[in-house]
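What follows is a set of notes on a single structure, which appears directly below.
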Amino acid sequence: MNNVLAFQQPTSLIPDTQVLPHQSHSKYPNPDTGVVPQNLVNPKPKLRIVGKDDIIDNSAQRISIEELYPASEAIKPELNVALRLLSVSSTCIQEAIELLHIGDSVASDDAIQRLQAILPELFCCRIISDSFGAMINATYHALKNQEGLPLTKHQIQAIGRAVSRIRSEPFMRFEAAVEEIMALEEVGFIVEPPEFEYLADWLDE
Amino acid sequence: MRSTDLSDFRLEQCVFEARHEPSYLLWDRAGSIWSQIRAKWPRLKPSQVEPSATQFTLDNRFLLSVFVDKFAVIDQAPDHSLKSFLDVAESLSKVATQHLELNEFSRLGLRLIFFKEFPDREAASAVLLSSQILNLPDGPHFGIDMPPVLPGYTVRWESKATGTTVRMEVEGRVIDFTPPHFLDLRPMHKEVAGLKFDIDYYTLASVAVGQFSCRDWINQTWHLVNRDSKPFLTGRKQ
């Protein structure tokens with residue numbers, strides 16, 4: 001018996017998290033009397049001094065690409081150019097959506113054509129990552145394969161989502177890029193060059 | 001302040017650290033991680049290997065660590081171009097991110113520690129105080145009419161996304177070495193005094209793996225440090 005008692009932790013040393021011991025059937029203190037039943041440890045306020053060496057955790061918030069790379073002159077030139085061109089692309093897409101919303105489909109299509117003109121230069125920045133190259137390539141062919149047909153609102157929004165994603169995560173995993181490309185296909189885009197069809201047939205033979 | 005340029009200081013230590021949510025895949029994949037890194041740097045040597053902490057040294061210069069919740073590279077002899085440091089940090093970052101299947105980092109940090117030697121502590125103190133960044137009242141102080149001993153300051157700035165801590169202090173270093181008696185070597189005693197300039201630049205908001213290029217982030221942080229350190233080294237404008 002003495003041996004068993006020797007291994008029991010004294011009540012005063014129970015850590016704060018074990019406020020309700022398992023063997024206790026006591027209830028919470030009566031709020032009127034403030035009496036704490038036996039075996040219940042009085043909750044104690046915790047004082048924490050925030051000093052100069054404490055880091056404030058703000059990790060619930062996602063950093064923007066501009067905040068992560070504030071010195072654009074010191075990053076690789078391709079990334080710098082790509083971020084600038086993707087900003088212009090986003091503006092074109094935003095304009096296209098707004099113009100389509102007010103019924104000006106010609107001006108909306110004009111904004112998409114300006115986007116289309118930027119894509120070859122963006123493709124030159126594909127050294128950034130394989131995902132970047134794949135997504136820009138898919139967007140380029142998605143627009144080219146429309147063969148002049150105006151885009152629907154859903155299609156413009158899908159292009160907008162793809163451009164926004166590649167701008168915020170230019171180094172994304174390739175699987176994530178494939179998912180984004182599939183999202184373009186879901187709204188009716190053909191994201192591969194037409195020659196691929198013949199090439200596939202030729203390889204099958 | 002007479003030291004007007006960061007190039008007057010020697011870059012003593014360079015640390016890159018990435019913190020993330022605990023990834024217990026380390027327990028399964030530590031071997032794969034270090035085998036892949038060792039394939040690139042065959043001289044890698046283990047220094048601590050435990051379930052939640054693995055550390056290796058490289059050429060008695062780099063310390064590479066992968067923990068359950070962070071990975072880090074310390075370079076104890078960095079060059080001013082950071083070339084070797086960048087190569088090691090980029091490789092470790094890629095391999096750890098891939099094998100631990102990380103999606104985001106809760107904190108990225110780059111800490112650079114510079115040191116400039118002075119003949120003695122008093123000379124180093126005089127240079128620090130002449131910058132007038134520390135604006136001390138005239139003495140005597142509490143009945144003591146002497147200059148401050150080993151002065152220094154620490155200042156931190158933070159936005160919602162990033163932060164930086166700047167430490168400037170006078171430091172005295174004493175090195176004693178008594179060789180074993182059977183070796184025909186003289187005991188060594190050396191005292192070094194100087195100014196330590198320590199900058200820690202870090203992110204506070206989370207960073208998606210798809211946003212992060214280790215080489216670009218370290219390069220641009222290095223650029224920021226070089227660009228913005230001058231006021232701390234030249235002192236306040238009169």
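The values are calculated or read from the model by the stated rules, or taken from the named source; none is laboratory data. Keep in mind it's a predicted model, so treat the numbers as computed, not measured. Cβ sites come from the backbone with ideal geometry, for glycine too, and all protein chains shown count toward neighbours. Please note that ligands, DNA and RNA were not included when accessible areas were found on the heavy atoms of the full protein model with its side chains. Shrake-Rupley method; radii C 1.70, N 1.55, O 1.52, S 1.80 Å.
Can you list the DSSP H helices in chain B whose Cα atoms extend at least 27 Å along the helix axis and whose mean Kyte-Doolittle hydropathy is 0.5 or higher?
TM-like helix candidates: nothing returned.
Computing the accessible area with a 1.4 Å probe over protein heavy atoms, can you report the carbon and sulfur percentage for the protein assembly as shown?
Carbon with sulfur: 54 percent of the solvent-accessible area.
What number comes out for accessible area per residue over the range B:134-180 if the probe is 1.4 Å? Units Å², please.
Roughly 67 Å² per residue, with all protein chains present.
Which FRET efficiency value, to the nearest 0.05, is calculated for A:Ser72 and B:Val174 with the Förster distance at 45 angstrom and r the Cβ-Cβ distance?
Given R0 = 45 Å and the Cβ-Cβ separation, E is 0.50.
If I stretch the segment between A:Glu195 and A:Ala117 completely, what's the gain in nm (0.36 nm per residue apart, minus their alpha carbon distance), one decimal?
Between A:Glu195 and A:Ala117, full extension yields an extra 26.0 nm.
Using the structure shown, list the pairs from B:Lys83/B:Lys116; B:Lys70/B:Lys94; A:Lys46/B:Lys160 with a Cα-Cα distance above 20 Å, or answer none.
B:Lys83/B:Lys116; A:Lys46/B:Lys160
Strictly greater than 22 Å: what percent of every Cα pair in the range B:102-238 meets that?
Pairs farther apart than 22 Å: 55 percent.
Given labels modelled 7 Å from the Cα in the Cβ direction, how far is it in nm from B:Lys40 to B:Val192?
Simple spin-label model gives 3.0 nm for this pair.
Using only DSSP helix segments of four residues or longer, with each worth -39500 (n - 2.57), what per-residue ellipticity at 222 nm results for chain B after dividing by its residue count and rounding to 500?
Mean residue ellipticity at 222 nm (helix-derived): -8000 deg cm²/dmol.
Let me check against my output: what whole-number percent is the relative contact order of the range B:22-92, with C-alpha pairs under 8 Å and at least 6 apart?
23
Name the residue, out of B:His181, B:His189, B:His99, whose mean-square fluctuation peaks in a Gaussian network model built on chain B with Cα pairs under 10 Å.
In the Gaussian network model the winner is B:His181.
Chain pair A, B: how much accessible area is buried, both chains summed, with a 1.4 Å probe, in Å² to 100?
2500
Sticking with the crude label model, points 7 Å out along Cα→Cβ, report the distance from A:Phe174 to B:His141 in nm, one decimal please.
6.1
Starting from the Cα coordinates of the range B:92-175, work out the convex hull volume and express it per residue in Å³.
183
What does a probe at B:Val49 reach in the range B:1-41, counting residues whose amide N is under 11 Å from the point 7 Å along Cα→Cβ?
Counting only backbone N, you get B:30-32, B:34-35.
Of all trypsin sites (Lys or Arg not before Pro) in the range B:15-99, which ones are in loop regions per DSSP and have a Cβ with at most 12 other Cβ atoms within 10 Å?
B:Arg43
Give the relative contact order (percent, whole number) for the range B:1-124; include only Cα pairs under 8 Å separated by 6+ residues.
40
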